[in-house]
Amino acid sequence: MSEKAIAPEEQYWTLRLEGAARALAANNFGVSVHATAGEAAGHLVNGMLGDSWRGTVNFGGSVSVLQSGVVDLLLNHPGADVIDTYDFNKDPAIRAKLRREHYICDLYLCSSNAVTMAGQLMNVDGLGNRVASMAYGPAKVALFVGRNKLCATLEEARDRCSNMASPMNNIRIGYPNPCTKTARCMDCNSPKRICNYWSIIEKSSPPERIHVLLINQDLGF
């Protein structure tokens, strides 16, 4: 009996994810490849951390993280102290204070707006808390990255940030910025502009402080 043929789409994404993983590893990122977001969440909590892990967890405004289910897993982990900065029932001043605690947490969870096939991370942020925490502060950073965020070059990555991630996030959070009408960046001067802080991370330092969980699903924006 012949082996089951691999569907072209599956083979394509497997090759893309494996190529990105090699490039990220060469740039000193920790990296793992997963079939689903749920598998990635289980790998982080049960494999990378384990039952004996103890520490504080904070997370940025990431649809990918929420879709993965990792927050619920960590809420049930006996050693994880999860700090929820996105509980909108809390006073805004308290939420702002909790966001500043990103920088001293043991584990920070977020995603990346784009990952290049050369193993670089590109991000755009409104307040700067996410890009700042990715670069420095938390002891460990785990990024949940769907295959839809892979880009060939930095130029393509920037286009993705401006013309896909930002308009979608503006629509998601209900900010009436011009891109919600055009689905393209208008380089606005809106007081609610969310494209204020840009970052490119070429390598992880210390090595493997940033771990990228590549996921063979479209995830987040």
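The values are calculated or read from the model by the stated rules, or taken from the named source; none is laboratory data. Note that the coordinates shown come from a computational prediction; the quantities given were computed from them, not determined experimentally. Neighbour counts run over all protein chains shown; Cβ positions are idealised from the backbone, glycine included. Surface accessibility is based on the protein's heavy atoms, side chains included, excluding ligands, DNA and RNA. Shrake-Rupley method; radii C 1.70, N 1.55, O 1.52, S 1.80 Å.
Take the conditions (1) modelled with pLDDT under 95; (2) of a type outside the set (F, W, Y); (3) in a helix (DSSP H, G or I); (4) more than 13 Å from the chain's Cα centre (by Cα); N89 misses just one of them, which is (3). Scanning region 81-96 for residues being charged (D, E, K, R) and closer than 30 Å to S52 by Cβ gives a total of 3.
Of all residues assigned to region 95-118, at least one qualifies as being among the aromatic types (F, W, Y) and open to solvent by 10 Å² or more (accessible area, probe 1.4 Å).
Of all residues in region 1-19, none satisfies being touching a Leu at 6+ places or on another chain (Cβ under 9 Å), more than 18 Å from N148 (Cβ to Cβ) and not hydrophobic (A, V, I, L, M, F, W, C).
Go through the residues of region 124-131 one by one and say whether even a single one is open to solvent by less than 30 Å² (accessible area, probe 1.4 Å), of a type outside the set (V, I, T) and closer than 21 Å to A37 by Cβ. Looking through region 124-131, at least one residue is open to solvent by less than 30 Å² (accessible area, probe 1.4 Å), of a type outside the set (V, I, T) and closer than 21 Å to A37 by Cβ. A Cβ distance below 6 Å, combined with a sequence gap of six or more or placement on separate chains, defines the contacts here; from region 182-193, residues that are under 12 Å from S162 (Cβ atoms) reach residues that are open to solvent by less than 60 Å² (accessible area, probe 1.4 Å) and part of a loop (DSSP other than H, G, I, E, B) in the pairs M186/P178; C188/N177; C188/P178.
Is there a residue being open to solvent by less than 50 Å² (accessible area, probe 1.4 Å) and aliphatic (A, V, I, L, M) anywhere in region 176-193? Checked region 176-193: no residue is open to solvent by less than 50 Å² (accessible area, probe 1.4 Å) and aliphatic (A, V, I, L, M).
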